[in-house]
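The values are calculated or read from the model by the stated rules, or taken from the named source; none is laboratory data. Because the structure is predicted, anything quoted here is derived from the model rather than measured. Neighbour counts run over all protein chains shown; Cβ positions are idealised from the backbone, glycine included.
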Amino acid sequence: MKIALPPLPADPDPGHRLRLENVLRAASLIDPVFLASPQFECEPLGDALACSLTLKLETANPIRSFKGRGAGYLVAARAAGGHLAGRRLVGASAGNWGQALAYSCRSHGVPLTLFAATTANPLKVERMKAFGAEVVLTGHDFDAAKEAGERHARETGGLWVADGLDPEAAEGAATIALELLSEAERPQVLAIPLGNGALLTGMARWAKAVAPGIEILGVQARGADAMEKSWRTGTLRFPPAVDTIADGIGVRIPIAEAVADMRGLVDDVLLVEDAGIIAAMRLLFRTAGLVAEPSGAAGIAAIASCPERFRGKRVATVVCGSNLTAEQARAWLG
């Protein structure tokens, strides 16, 4: 289903790397299966959290994740520009970005090699392969696999693409904010999971243009706070390890461009504990009947952990992924 596109808003930051006109272009190029995702005020969950809470559900699609927007726009835009002819794409993923790339590359007939950690979610690895990607498992975490993928691309002449680095990933994700803020009564606060930054920066870029007074909060796992520390201090920070169940936002090496994209758009970044993430997953399941992976419940975890910050406000968050193995579902939702 195609969505009705709003007019291009006035740009408060014309020099920003992420272009508002590209957000509208993305909405016209992304596979419609990823667009017009459900959004609704969840009254039972809002009552539990003492706020008016809108959920944007980015899991009702073939990859159960919002990543189809950014990857779909990246592949479609580059294919339309003739940049993919005879090229093999190379990327790295904890799973959801890889699924999205694989789905989009299959649609456009583009070969793809993906690098993932040996500890990657096996369900996500299986789905990347099922969508046609060659998958190489290497390294102890996502960033180690990413380094191997970049090296492979240089050595083989593959076209390296990276979530958070390539602006198309964020511009595609910005279409979520385009839809979310199309309602007459807009949220006052957005609580958005923060991993490599594409979801947060893309949504924030569009939101601040159409609703300048909106508060934008990133949410990161305390055990993977590289982006938060880098943004807060203005200096790239490289923690020695990642320690969180939220693999979708488990970033050890921050992307400089994504950190720069956050400036002037993001009002604060909140850190949440794994125990709070699990509690949020269970709360979503109990009150809304929704299954979320840890990164997908990060926004709910932030609202629950800072109740006074959100009390009585109109808040929105994105349930951005729901890829759980059967064992994870039993452990975390039981």
Legend entry - Residue list for region 53-79, restricted to those being part of a helix (DSSP H, G or I) and under 17 Å from the mean Cα position of the chain (by Cα): Lys67, Gly68, Arg69, Gly70, Ala71, Gly72, Tyr73, Leu74, Val75
Legend entry - Options Ile278, Ile253; residue that is of a type in the set (A, V, I, L, M, F, W, C), closer than 12 Å to Trp332 by Cβ, surrounded by fewer than 24 Cβ atoms within 10 Å (Cβ to Cβ) and touching a residue at least 40 places away in the same chain (Cβ under 8 Å): Ile278
Inset, instruction - May I ask you to list pairs of residues, at least six apart or on different chains, whose Cβ atoms are under 9 Å apart, with the first in region 189-200 being surrounded by fewer than 24 Cβ atoms within 10 Å (Cβ to Cβ) and the second being among the charged types (D, E, K, R) and outside any loop (DSSP other than H, G, I, E, B)? - result: Val189/Glu215; Val189/Arg309; Val189/Arg314
Inset, instruction - Within region 33-52, identify whether any single residue is in a strand (DSSP E or B), more than 30 Å from Pro122 (Cα to Cα), touching a helix residue (DSSP H, G or I) at 6+ places or on another chain (Cβ under 9 Å) and in contact (Cβ under 8 Å) with a residue 24 or more places away in the chain, and answer yes or no. - result: yes
Inset, instruction - Name the one entry in Ala76, Ala48 that is hydrophobic (A, V, I, L, M, F, W, C) and over 28 Å from Thr244 (Cα atoms). - result: Ala76
Legend entry - Residue, surrounded by the fewest Cβ atoms within 10 Å (Cβ to Cβ), within region 168-188, restricted to residues that are modelled with pLDDT of 95 or more and farther than 22 Å from Glu21 by Cα: Gln188
Inset, instruction - Determine which member of the set Ala94, Ala102, Ala71, Ala79 is more than 17 Å from His152 (Cα to Cα) and surrounded by fewer than 24 Cβ atoms within 10 Å (Cβ to Cβ). - result: Ala79
Inset, instruction - Hey, could you check region 131-156 for residues that are more than 26 Å from Pro240 (Cβ to Cβ) and touching a residue at least 24 places away in the same chain (Cβ under 8 Å) and say which is surrounded by the most Cβ atoms within 10 Å (Cβ to Cβ)? - result: Ala133
Inset, instruction - Say whether the condition of being buried (at least 16 other Cβ atoms within 10 Å of the Cβ) and either among the small types (Gly, Ala, Ser) or at pLDDT below 95 (or both) is met by at least one residue in region 264-275. - result: no
